[in-house]
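Note sheet for the following structure.
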Amino acid sequence: MPIAQLFINGLRFHAYHGVHAWEQVAGGEFSVDIQAQLSIPSGGYTDDLKETVDYEKVYQLVAHRMNVPVKLIETLAQNIAIDCLNTFALIQTIRVQVTKQAPPIGGPCSSTAVEFTLDRALNK
């Protein structure tokens, strides 16, 4: 089965995730990168948006999750991956990377990131 790779990189948000109470009040800067393997329609693409994953809908799904505060970026990446897999039937494998800018880890750090991967065939 032919597979297409989809990349949506650098989705940026000011959001309220973190283990410290003040993080859920002041918020911080986050970015999300999506990589997905898509099934290609039989006969290939015919230039119809219905035959692929709508990037705007992916952004809306991610934006919704970014507006629901969680303590861990691991949880956030997992929830985004699950939502994408449940929403878009063409996605066979999804990789979500969530990056938190300037995390409060007790010293200088430009960012931390978590990558979460789900495969439809392995998660039935």
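Under 19 Å from the 7 Å Cα→Cβ point of N123, by amide nitrogen: which residues of the range 29-53?
Zone members listed by number: 32-40, 53.
Students often forget the sequence filter, so: which aspartates and glutamates lie under 14 Å Cα-Cα from K71 once same-chain residues fewer than 8 apart are removed?
Correct list for K71: E23.
Any chance you could check the Cα centroid distance between the range 77-124 and the range 1-64 for me, in angstrom?
10
Treating the angle as unsigned and between 0 and 90°, give the value, to the nearest 10°, between the Cα long axis of helix 73-87 and the longest Cα principal axis of the chain.
Between the helix axis and the principal axis of the chain, the angle is about 20 degrees.
Can you put Y45, Y55 in order of Cβ neighbours within 10 angstrom, beginning with the fewest?
Ordered by Cβ neighbours within 10 Å, fewest first: Y45, Y55.
Looking at Q92, P41, M66, which one has the Cα that reaches farthest to the positive end of the dipole of the chain (charges on Cβ: Lys, Arg +1; Asp, Glu -1)?
My answer, from the dipole projection, is M66.
Rank A15, G106, N79 by how far each Cα sits towards the positive end of the charge dipole of the chain (+1 on Lys, Arg Cβ; -1 on Asp, Glu Cβ) and give me just the farthest.
Checked the options; the winner is G106.
What nm distance separates the two modelled labels at E74 and Y55, each placed 7 Å from Cα along Cα→Cβ?
Once both label points are built, they end up 3.2 nm from each other.
Hey, for a label at T112 modelled as a point 7 Å past Cα toward Cβ, could you say which residues of the range 15-33 have their backbone N under 17 Å away?
15-32
What is the Å³ per residue value for the convex hull set by the Cα atoms of the range 3-122?
98
I need to check one value: relative contact order of the range 3-122, counting alpha carbon pairs closer than 8 Å and at least 6 residues apart, in percent.
The value is 27 percent.
Out of A21, A81, A63, any idea which swings most in a Gaussian network model of the chain, alpha carbons joined below 10 Å?
The residue that fluctuates most here is A21.
Only Cα pairs within less than 10 Å get springs; with that Gaussian network setup on the chain, which residue of S111, S39, S31 has the largest fluctuation?
S111
Can you tell me the dipole magnitude for the chain around its Cα centre, using point charges on the Cβ only (Lys, Arg +1; Asp, Glu -1), in Debye to the nearest 20?
Using Cβ point charges on Lys, Arg, Asp and Glu, the chain gives about 280 debye.
Across the range 17-29, in residue order, what do the Karplus-derived ³J(HN,Hα) couplings come to in whole Hz, using 6.51 cos²θ - 1.76 cosθ + 1.60 with θ = phi - 60° and x for Gly and Pro?
Along the range 17-29, the couplings run 9, x, 7, 8, 4, 5, 5, 7, 9, 7, x, x, 9 Hz.
Values in this text are rule-based calculations from the coordinates and carry no lab data. Since we're looking at a predicted model, the values are computed, not measured. Because the Cβ atoms are built from the backbone with ideal geometry, glycine has one as well, and the counts that use them run over all protein chains shown.
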